[in-house]
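Working notes, beginning with the structure itself.
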Amino acid sequence: MGPEIRTVKEDEFEAWQTVNSIAFFNHIPADTGSRWKLPYVDLERCWAALDGGRPVATLRTFGNEITLPGGARIAADAVTNVTVLPTHRRRGSLNGMMSASLAQAADRGDAVSILIAARWRIYGRYGYGPATEGAAYTVKTGSFALRPEVTSRGSVEIVKPAELRSEVDAIFDRFRVGQVGAIRQQPELVDRTFGINVGPPGYEPTKGYCALHRDLDGKPDGYLFYDVDDAWQGMEPDCTLTIHDLVTATPDAYAGLWAFCAEMDNVVRVKAGDRSVDEPLRWLLQDGRAITKDSQDDMLWLRILDVAQALSARTYRVTGRLVLEVTDAYGHAEGRFVLEGGPDGASCSRTDAAADLTVSTYALSAAYLGGTRLRNVAKGGGVTEHSAGALAQADLMFTSEVTPWCNTWF
């Protein structure tokens with residue numbers, strides 16, 4: 001007999017949080033942790049697998065939205081806190097929770113579901129595909145110099161965390177309007193970052209400094225959260241500046257905040273993670289080799305639930321028409337759909353016409369934001385071409401002009 005799968009009640013939440021803490025190797029006391037977390041949790045979306053009435057696995061979702069090619073934003077079911085106790089692995093807990101949660105999201109009308117995968121192997125079988133990537137970079141400050149053509153008009157001011165927090169939401173909203181793959185931040189986590197709501201006892205906030213960029217009119221258009229390790233080699237500085245968060249709404253703010261970091265006294269190198277794989281900084285520099293990419297990894301995974309809604313909401317790089325046969329082991333995206341789209345918009349609906357392509361939900365979801373080439377996914381299976389040239393046409397249509405990037409953890 002498998003585990004009982006259901007949402008949890010308020011008096012079970014501490015036990016739920018205990019499982020979450022153990023599975024993620026977290027030493028924050030479950031009682032204080034659960035009291036801090038509970039006000040931000042929708043118990044109707046808080047799932048557990050139970051053995052003998054006690055939670056042994058956890059999964060939680062919350063409402064979010066994601067920016068698509070063309071600038072539209074659609075509702076997204078965000079999945080997080082997915083754990084299984086090491087004593088209860090391979091007993092169907094994850095399958096049960098994922099099945100129930102996806103059905104709930106589909107019934108709610110969410111077009112897509114999103115998550116950040118701890119392990120690559122886990123979520124493809126549930127129809128999720130890796131839709132954005134992130135990268136980490138190092139900038140050598142000794143070689144840093146902006147090209148003469150690059151403007152960085154405006155000013156940078158070091159501010160207190162509370163002052164920066166008051167500007168973060170407006171700047172981030174301006175940024176995410178034009179950034180494919182961007183999602184909403186969770187206010188309570190932003191508050192925690194800047195010391196407004198420091199979290200439960202035992203939580204160690206990230207240490208750092210805050211800077212705000214203002215345009216020529218004094219309006220905030222970028223923010224920076226950073227720290228410096230103050231390392232020395234004898235009498236020579238060997239300091240590393242680590243960027244925890246750098247978000248900009250204008251080109252001037254982007255250039256200005258990077259220059260602020262790289263031109264700081266005693267800083268030898270700047271390190272930044274969770275950046276775009278298509279980071280434009282190289283092209284702003286006189287010496288493009290001043291910046292190197294240290295790593296590149298998958299970030300946001302996406303799963304289409306409503307094909308017609310999801311494909312109609314975005315624009316496409318070129319105009320075209322495709323009939324897609326979508327396969328889905330869980331049934332939510334299953335069916336045959338005709339997509340007609342281009343740079344000005346799109347429509348997608350069910351059809352009985354002959355399919356040009358058969359695509360798995362995994363493949364279509366990976367390609368949905370336009371950063372994953374469908375032809376590359378096809379090499380590993382999950383895509384079958386029925387009409388000559390259909391795969392090439394799909395590749396051209398789905399590619400995004402703006403490289404998808406999600407810089408928000410959840």
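The values are calculated or read from the model by the stated rules, or taken from the named source; none is laboratory data. Since this is a predicted model, take the numbers as computed values, not measurements. With ideal geometry, Cβ positions are generated from the backbone for all residues, glycine too; neighbour counts draw on all protein chains shown. Calculation scope for accessible area: heavy atoms of the full protein, side chains included, ligands and nucleic acids excluded. Shrake-Rupley method; radii C 1.70, N 1.55, O 1.52, S 1.80 Å.
Here are the numbers for the structure shown:
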{"quantity": "Where ARG214 falls short, out of the listed (1) under 25 Å from the mean Cα position of the chain (by Cα); (2) open to solvent by less than 60 Å² (accessible area, probe 1.4 Å)", "calculated": "(1)"}
{"quantity": "Some residue of segment 89-104 being modelled with pLDDT of 95 or more, open to solvent by less than 20 Å² (accessible area, probe 1.4 Å), in contact with a strand residue (DSSP E or B) (Cβ under 9 Å, 6 or more places away or on another chain) and closer than 18 Å to PRO404 by Cβ", "calculated": "no"}
{"quantity": "Candidates ALA78, ALA15 - the one that is of a type in the set (A, V, I, L, M), at pLDDT 95 or above and closer than 30 Å to ALA346 by Cβ", "calculated": "ALA78"}
{"quantity": "Matching residues in segment 348-366 - criterion: being without any contact (Cβ under 8 Å) to a residue 60 or more places away in the chain and either surrounded by fewer than 12 Cβ atoms within 10 Å (Cβ to Cβ) or part of a helix (DSSP H, G or I) (or both)", "calculated": "ARG350, ASP352, ALA353, ALA354"}
{"quantity": "Candidate set from segment 118-127 (those that are open to solvent by 20 Å² or more (accessible area, probe 1.4 Å) and touching a strand residue (DSSP E or B) at 6+ places or on another chain (Cβ under 8 Å)); member that is nearest to ALA23 (Cα to Cα)", "calculated": "ALA118"}
{"quantity": "Residues within segment 27-43 that are open to solvent by less than 50 Å² (accessible area, probe 1.4 Å) and either part of a helix (DSSP H, G or I) or free of Cβ contacts under 8 Å to residues at least 60 places away in the same chain (or both), tallied", "calculated": "9"}
{"quantity": "Qualifying residue in segment 371-386 (condition: assigned to a loop (DSSP other than H, G, I, E, B) and open to solvent by less than 10 Å² (accessible area, probe 1.4 Å))", "calculated": "no"}
{"quantity": "Enumeration of residues in segment 299-336 that are open to solvent by 50 Å² or more (accessible area, probe 1.4 Å) and under 22 Å from the mean Cα position of the chain (by Cα)", "calculated": "ASP306, GLN309"}
{"quantity": "Pair list, Cβ < 8 Å and 6+ apart or interchain, from segment 122-143 residues that are within 17 Å of LEU94 (Cα to Cα) and hydroxyl-bearing (Ser, Thr, Tyr) to residues that are surrounded by fewer than 21 Cβ atoms within 10 Å (Cβ to Cβ) and at pLDDT 95 or above", "calculated": "TYR123/ALA117; TYR126/TYR330; TYR128/ALA117"}
{"quantity": "Neighbours by Cβ (under 8 Å, 6+ apart or cross-chain): first from segment 1-26, among the acidic types (Asp, Glu); second in a helix (DSSP H, G or I)", "calculated": "GLU10/LEU38; GLU10/LEU43; GLU14/ALA30; GLU14/ASP31; GLU14/SER34"}
